[in-house]
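Visitor: I have a structure I would like to understand better, so I am pasting it below and will then ask my questions one at a time.
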Amino acid sequence: MVEIGDHVWIGDNAVIVGPITIGRGSIVGANSVVRADVPEFTMVGGIPARALKRFEQATGQWEKL
């Protein structure tokens, strides 16, 4: 089963291969293939998708990983 949290953006043509969880506030880039869980407030992209940035609530900025 695929679980998608609140306020998640999923780009065009993204493929989600379950069972996985996409955390609240995350972004999945277009044409990405997601095969593993995505933590909250994380931007992922690529084939296979990997974490690219994480939103830091303290600063209100996306931080590159």
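The values are calculated or read from the model by the stated rules, or taken from the named source; none is laboratory data. Note that this is a predicted model, so its numbers are computed, not measured. Because the Cβ atoms are built from the backbone with ideal geometry, glycine has one as well, and the counts that use them run over all protein chains shown. Heavy atoms of the whole protein, side chains included, go into the accessibility calculation; ligands, DNA and RNA do not. Shrake-Rupley method; radii C 1.70, N 1.55, O 1.52, S 1.80 Å.
Visitor: Could you list all residues from segment 1-33 that are in a loop (DSSP other than H, G, I, E, B), of a type in the set (Asp, Glu) and out of contact with any Lys or Arg (no Cβ under 6 Å at 6 or more places or on another chain)?
Guide: Listed by number, the list holds a single entry, ASP12.
Visitor: If you don't mind, there's one more thing I want to ask. Pairs only if they're at least six apart or on different chains, beta carbon under 7 angstrom, first in segment 5-18 and without any contact (Cβ under 8 Å) to a residue 24 or more places away in the chain and at positive phi, second of a type in the set (Lys, Arg) and open to solvent by 100 Å² or more (accessible area, probe 1.4 Å); list them, first residue then second.
Guide: Once the first residue is without any contact (Cβ under 8 Å) to a residue 24 or more places away in the chain and at positive phi and sits in segment 5-18, its partners that are of a type in the set (Lys, Arg) and open to solvent by 100 Å² or more (accessible area, probe 1.4 Å) give HIS7/ARG24.
Visitor: Output the number of residues of segment 34-65 satisfying the condition of being touching a Gly at 6+ places or on another chain (Cβ under 8 Å) and in a strand (DSSP E or B).
Guide: First, the residues of segment 34-65 that are touching a Gly at 6+ places or on another chain (Cβ under 8 Å): 37-46, 49, 52, 55.
This time we only want the ones that are in a strand (DSSP E or B), so: 38, 42-45, 52, 55.
Count: 7.
Visitor: May I pose another question? Kindly provide the set of residues from segment 10-20 that are among the hydrophobic types (A, V, I, L, M, F, W, C) and either at pLDDT below 95 or surrounded by fewer than 13 Cβ atoms within 10 Å (Cβ to Cβ) (or both), ordered by number.
Guide: Keep residues of segment 10-20 that are among the hydrophobic types (A, V, I, L, M, F, W, C), which gives 10, 14-17, 20.
Correct list: VAL17 only.
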